[in-house]
Amino acid sequence: MGELAAEKHVQFILSVEKKKDSLEAVAMEHLRMNGAYWGLTTLDLLGKIEVVDVDEIVSWVLQCQHDSGGFGGNIGHDPHVLYTLSAVQVLALFNKIDVLDVDKVASYVAALQNEDGSFSGDMWGEIDTRFSYIAILCLALLHRLDKINVEKAVNYIVSCKNHDGGFGCTPGAESHAGQIFCCVGALAITGSLHHIDKDLLGWWLCERQVNSGDILIKSKAKPGGLNGRPEKLPDVCYSWWVLSSLVMIDRVHWIDKEKLVKFILDCQDIENGGISDRPDDAVDVYHTYFGVAGLSLLEYPGVKALDPAYALPVDVVNRVILGK
Ligand code: GRG
Ligand code: ZN
């Protein structure tokens, strides 16, 4: 089995940031704040966060903030809770949350809660359990969970639970691994995991490992990768969405870890760095992060530990949440 080309991945992440006019940079322009979180967390997991210019990044993050307290995906872009979380996470990585007017950011996030406990993503009102997770995580990192009705938030998430044990984006919507991560994460952060049938959900999640069948032939991938729902192709990013959920409900031993490690390593560009969704596809920062994040949960040597609920390195969570 190949090894993790850690140094190449570090170079890949740094090169994306430098190529400001490249196609990828243009495509990423409006969600640069998410990209910053993916890229910088990858560098931290690989022990290389110190190569970046902290002051430059913090100053750019602050320029993305609006008077409302929310953050845009880049300078001059509209605020959204998605980018607000990434901004707080990036600042957390550098131990710089104190540059914020914490109450202002928390007020922006808290104002997105609706009467039924759900959360909208921005002023346009789209509702999704992703936004419930994001709001809860963001407020937890800011020590301001008391600004929302946590009980209602939890009840709304529980109302999105399906008979298969999984969760969807709204009540009655199909179970999807990404949405399950969000709901399990939000329940973990709020101490509400007792609402989950761990064996039922664990079974659904470990069935996401694609070991045989037509899907494998179609994806031209070797066995062991994870998909996001039945009959879909395996994809490296589910190594995070599925695995983190399994860790949180204590069922990670139900999948074949060795095969999954091999699937992720097979998706590396050994020459130029970066990880793709499936073997031989084009690499990107998103899949590089979630591939390395999956390896972290699989305790791959040389990769720092990530917290499955907070989606930040464990040492960062200990510092921000526990003050250690
Ligand atoms: C802090 C890690 C972190 C996340 C913030 C944005 C967010 C919260 C979570 C997103 C969860 C999610 C819905 C992930 C799934 C993304 C994805 C690959 C969607 C595509 O789904 P399908 O089923 O397509 O349409 P596939 O590619 O699986 O066939
Ligand atoms: Zn993917």
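What to note about this one:
- If you look at the Cα atoms of region 75-203, you get an Rg and a Dmax of 14.6, 46 Å.
- Probing with 1.4 Å while keeping every protein chain in the model, the per residue accessible area of the chain equals 43 Å².
- Across Lys152/Lys324; Lys18/Lys104; Lys18/Lys324; Lys48/Lys257; Lys8/Lys304; Lys8/Lys48, pairs whose alpha-carbon gap is larger than 23 Å: Lys152/Lys324; Lys18/Lys104; Lys18/Lys324; Lys48/Lys257
- Positive end of the dipole of the chain (Cβ unit charges, origin at the Cα centre): among Trp124, Cys267, Phe12, the Cα lying farthest that way belongs to Cys267.
- Farthest positive-ward along region 6-321 dipole, Cα basis, beta-carbon charges - from Cys169, Thr41, Gly224: Gly224
- Loop-located GluC sites (Glu not before Pro) in region 1-71, at most 12 other Cβ atoms within 10 Å (DSSP): Glu3
- All-pairs Cα distance distribution in region 136-242, expressed in whole percent, bin size 10 Å: 15, 41, 28, 13, 3
- Expressed as a whole percent, the accessible surface of the chain that belongs to carbon and sulfur atoms is 52, based on a 1.4 Å probe.
- Scoring 203-209, 43-49, 293-299, 178-184 by mean Cβ neighbours within 10 Å over their residues and listing the highest first yields 178-184, 293-299, 203-209, 43-49.
- Placing a pseudo-label 7 Å from each Cα along the Cα-to-Cβ vector at Asn318 and Glu151 gives an inter-label distance of 3.5 nm.
- Accessible surface of Ile270, taken over heavy atoms with a 1.4 Å probe and every protein chain present, rounds to 100 Å².
- Rounded to the nearest 0.05, the FRET efficiency derived from the C-beta distance between Glu258 and Glu115 at R0 = 51 Å is 0.60.
- Alpha-carbon Rg with Dmax, taken over the chain, Å: 18.8, 53
- Given a 1.4 Å probe and the protein chains as shown, Asp78 ends up with an accessible area of around 110 Å².
- Distance from the alpha carbon centroid of region 172-220 to that of region 271-324 works out to 19 angstrom.
The values are calculated or read from the model by the stated rules, or taken from the named source; none is laboratory data. None of the values given here were measured: they were computed from a predicted structure. Neighbour counts are summed over all protein chains in view; Cβ atoms, including those assigned to glycine, are modelled from backbone coordinates with ideal geometry. When the accessible area is computed, the model is the full protein with side chains, heavy atoms only, and any ligands, DNA or RNA have been set aside. Shrake-Rupley method; radii C 1.70, N 1.55, O 1.52, S 1.80 Å.
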